[in-house]
RNA sequence: GCCUCGGUGGUGGAAUUGGUAUACACGUACGACUCAAAAUCGUAUGCCGCAAGGCUUGAGGGUUCGACUCCCUCCCGAGGCACCA
């Protein structure tokens, strides 16, 4: 038995040598090589590496090393996103300053990162807190300011009482709490530095087409931006004012029977003399602004509102006079803060109209009702049935479910004709089937369609045919039955006025000259008639970037004595963060207390000038770090265009799912803004993105100190070594899926065991190896090459395990051993380097070319294929992959296990897929 | 409610993209070595059955010679959005 390898000794030795040899420094771009820019999210220097960092950095390193061994020049940089609240809070707790705390953390974490043994491009590192980094953050901000991308806005902002600062919309979680501190966010009105991300909304949506990202990330960004295409339409008030509304359904304009303004709408104050119930209106406005802070998120609350007495609006489509309300279900911050309400075709408008007795006027008839259902007879109208049909493709017997059968009003002849027709088509008797509930008609072969519009006057009891039983039920009783198909329930509710609105597109009626037109066509036609404008509106809000905290990039703005903001000119950048500040959070910006900052401002700009005292959101810092990496020593530009041309775009960006609608959206916006200013070469930074999942504790829960299930990577490394930790994380599952994997102590032991066996492979050397071994090696190499490119490191590792299992039994030649070491090198860089040298090599294994498989050696000369009889697996035969059908059939017949299924049978048809399957179909 | 993914042994997960389902690893059981334990090695391990054989990829149906894979309906889970007009 060979000696166990000493992971700690090997790893330390090689890490040191690699660093001395500058093995992983990239230096200047070498255009003889293809480039590969691999990006991972730079960490916040919180003090200690956790297992998530390993998952984030060590696993992609496999891909990085593979690409290097393919001869590519790979940039794999690492840096620190070091501004932010935790440093400030820690500094307060320890009575030190954030810079000291941050820098000592960076020093410590750099060592921990180096213990991973990754091929990081340390010569390209940067940190957001370096002055030569944030100088450029500030300069870009001044460029944005001068080009009206950054502006001093005002409005309602999110105030986090825990962080004592304003935060952006993206940083507020769905439950209304802060993503960082967990505190409940308060709404405050205060002036804010904003970035006009909303100007880029269309491009942020449309350019998603250009990038190779998983659909779920794209979709999350689209939904976050929330583009709605619709129209703006002007309504005239009786006071003479115009109110513009936004609607996505201009086709329903003839059904707009009232109008609603948001309680914050500016026209209210302007028209208060004409509003006869002004006191009541004011009370409602006050109430709703208070309510907004707590109940805005509650979608289920009852709708409230107040009618504006004395004011009416005119529906521009038919010139009808309609009432005007204020209601807090209309948000001031979305669209135009005013809506046309169409109760017949919108759920919210419908419930509001019912409550306040407003007319409900249908203008769009549904074309089809897409529900599954049942057979029901209408009591007062014998022979009148509701039934369900499926709209199926006659050929494939699959397709859309749809088309509701209609009631035939008391006309025996028509009814029986239709039923007959249907029965013939369906080849079943509809009446024979148990009634309410869904039923799949197996032999449907045609598409049937009967309009459902006859239903409007059904107000009756129903006769339910349930097997043999015939029951008479009221609508209420029917709706209570739990075997009623959901879709039929919806229809019945609509028929009985329980829910008499319909939001589907359809065909117009009650709409004068547009009657009979489809919703799609009517949208533009009606907008044109009333002089409206087709437009889009967005959910996305401008990005608020000012923070009332200390440890961040000072906003490089100074105010003249009139209070007008000016950008700090380039020659005064970096506009340094003053140190003479008590930064304990009070809600007031700490920089306001800096004497030095104040004096600096007056000295440079003149008496009466004052500095901006807010700092930038740290998401600003991380919006461009990948540009700095590639040109990290440039003193003339944030990142030279010629360097960008050599390295951008980022070929693959590995990161966490939590950044989907924050960092990933912000940095795309930032890139586009820079692109418009000619500062970058492309307007999308990330060609490809992979979100990874989470590593859970051994108990399957999210790791947390309170649960006591935290895995400390340093501890694991000292137990089994860095190679084992890295490989285990890669082995848990495919990397490119947002799946969460529990840490398994047994699992990591299995990986270490595998490496131990690799370490002992020299005991299995043979002069001439079995051809099966050679073949297995080449097949393994082929699989590694495809799997690594698809980030399927788990199956790549399993292929190598299978190879080791085989050669332990059969032995391998030294040449194959060396090829295998090279194949394993990206996964276990330390051990393979050690074994490589033990095998007598003097260069680094990591400078070797990744093995290339010889396809002719990877082909099997004998394969085992399955043999089926009538589609059932009955045995297997071994034969050459290219034998003829006749030979294969002969071999199959020769096997007794298969023979017995063929006794007394004629062979009708044989399906033979060489190398795959033989299927024998008997003809009797 | 809407959108996007998923659902395969006791567990993490494989499956050449329609062709022998459960690779690899963990776990478990038994055995070997050991005074003993750990470690290591060997054998077995989807389920039912003594066996022959039968069943099995969330449930049901369809297409196909053949379905984890494609189509339809339903159920369950994760993530995102949600009074967004």
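Summed over the range A:242-264, residues that are in contact (Cβ under 8 Å) with a residue 40 or more places away in the chain and assigned to a loop (DSSP other than H, G, I, E, B) total 6. For the range A:520-553, the candidate set comprises residues that are buried (at least 21 other Cβ atoms within 10 Å of the Cβ) and in a helix (DSSP H, G or I); within that set, the residue that is nearest to the chain's Cα centre (by Cα) is A:523. Within the bounds of the range A:227-234, is there any residue that is crowded, with 20+ Cβ neighbours inside 10 Å, within 30 Å of residue A:508 (Cβ to Cβ) and touching a helix residue (DSSP H, G or I) at 6+ places or on another chain (Cβ under 6 Å)? Yes, the conditions are met somewhere in the range A:227-234.
Taking first residues from the range A:812-827 that are buried (at least 23 other Cβ atoms within 10 Å of the Cβ) and partners that are in a strand (DSSP E or B), the Cβ contacts under 9 Å between residues at least 6 apart in sequence or on separate chains come to A:812/A:765; A:820/A:812.
Checking each residue in the range A:66-84 for being touching a strand residue (DSSP E or B) at 6+ places or on another chain (Cβ under 8 Å) and assigned to a helix (DSSP H, G or I) picks out A:67, A:68. Among the residues that make up the range A:170-177, is at least one of them crowded, with 22+ Cβ neighbours inside 10 Å, within 16 Å of RNA strand B (Cβ to nearest atom), in contact (Cβ under 8 Å) with a residue 24 or more places away in the chain and outside any helix (DSSP H, G or I)? No, the range A:170-177 has no match at all. Answer with yes or no whether residue A:292 is surrounded by 14 or more Cβ atoms within 10 Å (Cβ to Cβ) and at pLDDT below 90. Yes: the conditions hold for residue A:292. Looking at A:561, A:585, A:590, just one residue is surrounded by fewer than 21 Cβ atoms within 10 Å (Cβ to Cβ) and modelled with pLDDT under 95, and that residue is A:585.
Only helices (runs of 4 or more DSSP H) whose full extent lies in the range A:820-924 are considered here, and the ones with at least 2 residues that are more than 16 Å from RNA strand B (Cβ to nearest atom) and under 26 Å from residue A:779 (Cα atoms) are A:829-838.
Matching residues to (1) part of a strand (DSSP E or B); (2) modelled with pLDDT of 85 or more; (3) out of contact with any helix residue (DSSP H, G or I) (no Cβ under 8 Å at 6 or more places or on another chain):
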position	(1), (2), (3)
A:163	no, no, no
A:166	yes, no, yes
A:187	yes, no, no
A:192	yes, yes, yes
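Hey, among the residues in the range A:615-640 that are within 29 Å of residue A:594 (Cβ to Cβ) and in a helix (DSSP H, G or I), which one's nearest to the chain's Cα centre (by Cα)? That would be A:619.
Results for (1) farther than 24 Å from residue A:47 by Cα; (2) without any contact (Cβ under 8 Å) to a residue 40 or more places away in the chain; (3) surrounded by fewer than 19 Cβ atoms within 10 Å (Cβ to Cβ), shown as yes or no for each residue.
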residue: A:114; (1), (2), (3): no, no, yes
residue: A:129; (1), (2), (3): no, no, no
residue: A:141; (1), (2), (3): yes, no, no
residue: A:147; (1), (2), (3): yes, no, yes
residue: A:160; (1), (2), (3): yes, yes, no
residue: A:164; (1), (2), (3): no, no, no
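Contact map, the range A:286-311: first residue more than 13 Å from residue A:258 (Cβ to Cβ) and assigned to a loop (DSSP other than H, G, I, E, B), second residue modelled with pLDDT of 55 or more and within 12 Å of RNA strand B (Cβ to nearest atom), Cβ cut-off under 7 Å, separation 6 or more or different chains; pairs are A:297/A:176; A:301/A:295; A:304/A:327; A:304/A:328. Of everything in the range A:641-679, what is assigned to a loop (DSSP other than H, G, I, E, B), closer than 24 Å to residue A:64 by Cβ and away from RNA strand B (no atom under 16 Å from the Cβ)? Give them in sequence order. Hits for the range A:641-679 are A:648, A:649, A:651. If you go through the range A:680-703 and keep only what is out of contact with any helix residue (DSSP H, G or I) (no Cβ under 8 Å at 6 or more places or on another chain) and in a loop (DSSP other than H, G, I, E, B), you end up with A:687, A:700. What residue, of A:689, A:757, is more than 28 Å from residue A:834 (Cβ to Cβ), within 15 Å of RNA strand B (Cβ to nearest atom) and either surrounded by 15 or more Cβ atoms within 10 Å (Cβ to Cβ) or modelled with pLDDT of 95 or more (or both)? Exactly one residue qualifies, and that residue is A:689. Within the range A:876-907, the set of residues being in contact with a helix residue (DSSP H, G or I) (Cβ under 7 Å, 6 or more places away or on another chain) and crowded, with 17+ Cβ neighbours inside 10 Å comprises A:877, A:879, A:892, A:898. Per the listing A:324, A:306, A:330, the residue uniquely near RNA strand B (Cβ under 7 Å from one of its atoms) and buried (at least 18 other Cβ atoms within 10 Å of the Cβ) is A:330. If you go through the range A:196-234 and keep only what is more than 13 Å from RNA strand B (Cβ to nearest atom), more than 24 Å from residue A:169 (Cβ to Cβ) and either in a loop (DSSP other than H, G, I, E, B) or modelled with pLDDT of 95 or more (or both), you end up with just A:234. Taken together, A:791, A:741 contain a single residue that is under 25 Å from residue A:833 (Cβ atoms) and either in contact with a helix residue (DSSP H, G or I) (Cβ under 7 Å, 6 or more places away or on another chain) or within 11 Å of RNA strand B (Cβ to nearest atom) (or both), which is A:791.
The values are calculated or read from the model by the stated rules, or taken from the named source; none is laboratory data. A quick note: this is a predicted structure, and the numbers were derived from the prediction, not measured. When we count neighbours, we look across all protein chains shown, and the Cβ atoms used for this are built from the backbone with ideal geometry, even at glycine.
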